[in-house]
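The values are calculated or read from the model by the stated rules, or taken from the named source; none is laboratory data. Since the model is a prediction, treat every value here as computed from it, not as a measurement. Cβ placement follows ideal geometry from the backbone for every residue including glycine, while neighbour counts extend to all protein chains displayed.
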Amino acid sequence: MTLRAAFSCDPQMSRGRLFSEGLSSFRSPFQRDRDRIIHSSAFRRLKHKTQVFVEHEGDYYRTRLTHTIEVAQVARTIAGVLGLDTDLAEAIALAHDLGHTPFGHTGEDALAALMTPYGGFDHNAQAMRIVTKLERHYAEFDGLNLTWETLEGLAKHNGPVTGPLPLALDEVNRAWDLELSTYASAEAQVAAIADDVAYSHHDLHDGLRSGLFSEDDLKELPVTGPAFAEVDTLYPGLDKMRRRHEALRRVFGRMVEDVLAVAQNRLAAAQPKSAQEIRALGGTVIRFSKPMFQELKVVRSFLFTRMYRAPSVMIEREKVTQVINDLFPLFMQKPTLLPENWRSEIALATDETALARLVADYVAGMTDRFALQEHKRLSNFL
């Protein structure tokens, strides 16, 4: 078992929770955060939210939930090797996509455009709003009352947050300073790179399954090409599906090994003595090497053209964008169409911006199937 590194986040030294609670007798504060995230309503809804393909298009494609589980697995692996707190890395990974709208980034793009006059919309900021306000299960506070370290990781896992803040993040940061101008903990950086590793791997797998491209296409690309060549050398004539899996798991492994090698070299050079020194380094320590980053740029460019913007995907994007474009203004014009348990808050909305924030919360929380059902149910009002 790897010893805890001096620069890891120590749960016994946590900065605590916004609302004071007694410590658990059998779980660390970060384990408790992880468990609360898993048991949240928002986490369950990820089951029916788009990753790339709309949820109803096939049972074998990744959903936002299966993506999140894969991110958490990668995060635990990398954090464990580096002596970091695996529970904190896992908690941040499990929560990182809680704020996603129905229909993935397509839905987010549509909702962000609609929310432009009202402070905008960002799924990372929405995740913060969910875990600090919208989850309402506890008697003494709204949200999940997560530790400072988990909230910091959610806010900054992609780096320092500068410039005008999204409204949802600004509200959280005003209540509790998350030191947004600095880099995040190493555990949060691990969660961020685990996201990159997971989607770079599984989007290749889903793209192949969908028929949008073939193994022959991937043989022409960096990273994937050498992986297929190695498998063909070791296992000539291997069954197609086994060949695919063997090649893509090598891609997966190479990405993780690259991240670990870079992290170990950068940490050895910097010699940080605490988590706070990691935050003050002025750059990320958990990252891809420059050669790997450049090779992955080629792969991602291929995926963008052949998968994310494939004609069949674009047709579906257009359809689901219209769903969001119809529902949001309808609820703005007729907020009484929202469920009864939302109406007390609607009555307290002091202006159009406050109403828009509530409508965005409701629409963003929908699953793919519920958004489609609501669109159909309310078609007489459209």
- Message: Just checking, does the range 36-46 include any residue being β-branched (Val, Ile, Thr), touching a Leu at 6+ places or on another chain (Cβ under 8 Å) and either modelled with pLDDT under 95 or not in a loop (DSSP other than H, G, I, E, B) (or both)?
- Response: yes
- Query: With respect to residue 101, is the statement that it is under 18 Å from the mean Cα position of the chain (by Cα), part of a loop (DSSP other than H, G, I, E, B), at pLDDT 95 or above and of a type in the set (Ser, Thr, Tyr) true?
  - Reply: yes
- Message: Regarding the range 334-349, can at least one residue be identified that is under 21 Å from residue 169 (Cβ atoms) and surrounded by 11 or more Cβ atoms within 10 Å (Cβ to Cβ)?
- Response: yes
- Task: Please work out if residue 224 is surrounded by 16 or more Cβ atoms within 10 Å (Cβ to Cβ), touching a Pro at 6+ places or on another chain (Cβ under 7 Å) and under 30 Å from residue 267 (Cβ atoms).
- Result: no
- Inside the range 117-166, the number of residues satisfying the requirement of being of a type outside the set (S, T, N, Q) and over 19 Å from the mean Cα position of the chain (by Cα) is 12
- Message: If residue 75 meets every condition in (1) assigned to a helix (DSSP H, G or I); (2) surrounded by fewer than 23 Cβ atoms within 10 Å (Cβ to Cβ) apart from one, which number is that one?
- Response: (2)
- Enumeration of residues in the range 78-105 that are among the polar types (S, T, N, Q) and in contact with an Asp or Glu (Cβ under 8 Å, 6 or more places away or on another chain): 101
- Task: Output the number of the condition that residue 284 fails; it satisfies all remaining conditions of (1) polar (S, T, N, Q); (2) outside the structural domain of residue 366 (by TED's automatic domain parsing); (3) within 26 Å of residue 364 (Cβ to Cβ).
- Result: (3)
- Task: Would you mind finding the one in 289, 274, 301 that is within 27 Å of residue 84 (Cα to Cα), surrounded by fewer than 14 Cβ atoms within 10 Å (Cβ to Cβ) and of a type in the set (Gly, Ala, Ser)?
- Result: 289
- Residue pairs meeting the criteria (Cβ under 7 Å; at least 6 apart or on separate chains; first closer than 17 Å to residue 203 by Cβ, in the range 215-229; second in a helix (DSSP H, G or I) and polar (S, T, N, Q)): 218/224
